[in-house]
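> I have a structure here, written as structure tokens, and I will follow up with some questions on it.
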Amino acid sequence: MKALNLYTLTRTRDPKTFSALLQALSGSPWKRTCSVHEMLSLCSLVDALDEHFSLHPYQENGQQDLTEQGSGSAAPSGYRAEWIRCLDGFYFSYTIEHISKEFDLLKLSADAGCVLNIELKSEAVEEERIRKQLEQNRYYLSHISRTILSYTYVMETDTLYYCNDRGFLRECSIDELARALRRPALQDYIGENIRECFRAQDYLISPVKNPEKFLTGRYFLTNQQFEFRRQILETFQDYERSLKESKEPKVSKDWEESKDSKESKESKGSDDSETRETVPVVSLTGGAGTGKTLLMLDLAVELSRKKRVLFLHGGPLREGHREIDRRLHKVSIQSGTDRTLSLPQDSGALAALRDYSFLLVDEANRLPSEIIVRLIEAAASLRIPAVFSYDPHTILGAIPRMEDAEAVIAAHETMQLELSGNIRINRPIYSFLRALFYQKDAAPHSDYSCIDILYASDRHEEQLLTSYCRARGYKLIPENSDSFRSGEIISQEFDKVLMVLDSRFYYDETLRLCADSSADMALPLLYEGLSRAKERLCLLVVGNKTLFEQLLAIRLLCLPGTEIYQSQSE
């Protein structure tokens, strides 16, 4: 993507032609259809600047404006041409990959030390919304620049706003923006390859791996995460409001004692059937890297502003979990594998929940289905809204043990939300994983340059190559290690991941990756390990030449049925 000149872009006012010109000027291989509002807002801003500079021209050598020297007439075209150069170097509608964060207009100085950001609005909006957007933009831009100039232009009212580095928003004149455009630092700019300035991993955090960033609010939510967050919070608020209006108190802590009475048992059974229908049970699903844990912990923080939250993790707790638990006073983070949840009857789950107002369960399908049942029943009895998040592993197909837990959640859910789009793993890796587990999902024209496929004929060569890769910064994740099987790999992520595939793996006649009967959990564990990668992935095939050739064919984008694929498979 290349920077462009805003004046040349806005010489057409036809949306179709405008979109075509944008593609041509930016050098983008993809056609983007701009809306009429986008086009008109930009054109209106450029027209306002054109009018200003025609009345207040300046000379590049730093002399005074002609109007300040006594000329009240419009400037000669030669001087007007000079200001058009100030509109060089802009990126229009730039989006940071993986996180879908869009900026209407960006201009970066050559050393990225100064950034000019202009947001466009076709209609008048609340000033607080303008301020929040510019503040959020400043957070993203602060990773690359020391000086950030933040403006919003509203076409309907022909109004310009400026937001300073303290978050103070004020109305400003077009002259102020004109002076910003004249800044010496912005006369030399980054004209292409802006992607190199914005690395998604600078914004994407694992709250468990980077608890300090999470606890200090140095993270973002995607638009979809924000929307799901809003829906869940509103659902919980509506439920609490309905409880207050009906004046129905929560089940008392003496509930267990009253169960000795037959009459209480009957009453309790009736109440359970009602609350199971009304108490919110949200299932939040999404593949690896879609941001489930971040959203769940963000919800925990928000809900804990008023009431206590129990956050259960489906595997063993890591140090990051413990650090967050220590510093969030109204959030208790526990392992869902705690033995108290498996106590007979209902006492264990009730005891775990009755001191809390909300239940959040992350990696829920890793828990036995009977524990899920106890948690849901206890939450219903105590009238505690709950959210269960999990990865359905759709890439792998059915995994019976996890399917049981998922079926229990699905049977009780009152709201189902699915996070789509991978924000942790880069797109080529995610695309490759789909093709790896099912060759028919191979996507043509994909760039798999971040994927390496290596071959070792025996264990000796395997050791040499793994040592070589580890020296290059790869994290070796042994598929059969005790730490992997215990669940410690969950919630971690690494820039580079290396995994080994041996003779147990093969493709069946439907072109799905399989593992022999001696490795019933090999595929889920392989998926868990590979999906930890953020930037690069390396597969080392040991003593399985057929599999190596098939993986190499995927890496080279040779789809099943093609001549190259067939020659490699023979």
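> Just one of Lys306, Lys209 is farther than 21 Å from Ser357 by Cα, modelled with pLDDT of 85 or more and part of a loop (DSSP other than H, G, I, E, B); which is it?
Just one listed residue meets the conditions, Lys209.
> Which of the numbered conditions does Asp111 fail, given that it passes all the others? Conditions: (1) out of contact with any helix residue (DSSP H, G or I) (no Cβ under 6 Å at 6 or more places or on another chain); (2) assigned to a strand (DSSP E or B).
Only one criterion is unmet by Asp111, namely (2).
> Moving on to the next point. How about the range 332-348: which of its residues are more than 23 Å from the chain's Cα centre (by Cα) and either modelled with pLDDT of 90 or more or within 15 Å of Phe358 (Cβ to Cβ) (or both)?
Keep residues of the range 332-348 that are more than 23 Å from the chain's Cα centre (by Cα), which gives 332, 334-348.
Within the range 332-348, Ser332, Gln334 qualify.
> Mind listing whichever residues of the range 323-338 are in contact with a helix residue (DSSP H, G or I) (Cβ under 9 Å, 6 or more places away or on another chain) and of a type outside the set (Val, Ile, Thr)?
Glu323, Arg327, Leu328, Lys330, Ser332, Gln334, Ser335, Gly336, Asp338
> Would you pick out the residues in the range 506-542 that are closer than 20 Å to Asp441 by Cα, surrounded by fewer than 20 Cβ atoms within 10 Å (Cβ to Cβ), in contact with a strand residue (DSSP E or B) (Cβ under 9 Å, 6 or more places away or on another chain) and not aliphatic (A, V, I, L, M)?
The answer is Tyr506, Tyr507, Asp508, Thr510, Arg512, Cys514.
> Considering every residue within the range 229-244, establish whether at least one is hydrophobic (A, V, I, L, M, F, W, C) and not in a helix (DSSP H, G or I). If you could, list the steps in order and put the result at the bottom.
The initial filter retains those residues of the range 229-244 that are hydrophobic (A, V, I, L, M, F, W, C), namely 232-233, 236, 243.
Remaining after also requiring not in a helix (DSSP H, G or I): none.
No, because not a single residue in the range 229-244 is hydrophobic (A, V, I, L, M, F, W, C) and not in a helix (DSSP H, G or I).
> Would you confirm whether or not the range 159-181 contains a residue that is among the small types (Gly, Ala, Ser), in a helix (DSSP H, G or I) and either within 22 Å of Thr95 (Cβ to Cβ) or assigned by TED's automatic domain parsing to the domain that holds Phe53 (or both)?
yes
> Within the range 511-519, is even one residue among the hydroxyl-bearing types (Ser, Thr, Tyr), touching a Ser or Thr at 6+ places or on another chain (Cβ under 8 Å) and within 30 Å of Ala364 (Cβ to Cβ)? First the steps, then the outcome.
Step one: of the range 511-519, the residues among the hydroxyl-bearing types (Ser, Thr, Tyr) are 517-518.
After this cut, where a residue has to be touching a Ser or Thr at 6+ places or on another chain (Cβ under 8 Å) as well, the list is none.
No: the range 511-519 contains no residue that is among the hydroxyl-bearing types (Ser, Thr, Tyr), touching a Ser or Thr at 6+ places or on another chain (Cβ under 8 Å) and within 30 Å of Ala364 (Cβ to Cβ).
> Could you please find all residues in the range 204-230 being surrounded by 19 or more Cβ atoms within 10 Å (Cβ to Cβ) and within 18 Å of Tyr94 (Cβ to Cβ)?
Initial filter on the range 204-230 (surrounded by 19 or more Cβ atoms within 10 Å (Cβ to Cβ)): 204-208, 211, 214, 219-220, 222, 224-225, 228.
Leu204, Phe220, Thr222 - these are the residues of the range 204-230 that are surrounded by 19 or more Cβ atoms within 10 Å (Cβ to Cβ) and within 18 Å of Tyr94 (Cβ to Cβ).
> For residues that are at pLDDT 80 or above and either loosely packed, with under 15 Cβ neighbours inside 10 Å or in contact with a Gly (Cβ under 8 Å, 6 or more places away or on another chain) (or both), scanning just the range 69-110, find the one that is nearest to Leu4 (Cα to Cα).
So in the range 69-110, the residues at pLDDT 80 or above come out as 83-96, 101-110.
Next, only the ones that are either loosely packed, with under 15 Cβ neighbours inside 10 Å or in contact with a Gly (Cβ under 8 Å, 6 or more places away or on another chain) (or both) stay: 85, 89, 95, 102, 107-108, 110.
Numbers: Arg85: 11, Gly89: 5, Thr95: 16, Glu102: 17, Lys107: 10, Leu108: 12, Ala110: 15 Å.
Here the answer is Gly89.
> Quick check on the range 114-126: of everything there that is assigned to a strand (DSSP E or B) and without any contact (Cβ under 8 Å) to a residue 40 or more places away in the chain, which residue is farthest from Glu535 (Cα to Cα)?
Result: Glu119.
> Name the residue that is surrounded by the fewest Cβ atoms within 10 Å (Cβ to Cβ), counting only residues in the range 543-558 that are under 16 Å from Leu513 (Cβ atoms) and touching a helix residue (DSSP H, G or I) at 6+ places or on another chain (Cβ under 9 Å).
Filtering first and then ranking leaves Thr546.
> Which residue is modelled with the highest pLDDT, if the candidates are limited to the range 24-34 and must be surrounded by 12 or more Cβ atoms within 10 Å (Cβ to Cβ) and within 18 Å of Phe103 (Cβ to Cβ)?
Leu25
> Within the range 361-472, considering only strands (runs of 3 or more DSSP E) that don't extend past its boundaries, which have at least 3 residues that are crowded, with 22+ Cβ neighbours inside 10 Å, modelled with pLDDT of 90 or more and out of contact with any Pro (no Cβ under 6 Å at 6 or more places or on another chain)?
In the range 361-472, the matching strands (runs of 3 or more DSSP E) lie at 386-390.
The values are calculated or read from the model by the stated rules, or taken from the named source; none is laboratory data. Not measured: the values here are computed from a predicted model. Every residue, glycine among them, receives a Cβ derived from its backbone with ideal geometry; neighbour counts consider all protein chains shown.
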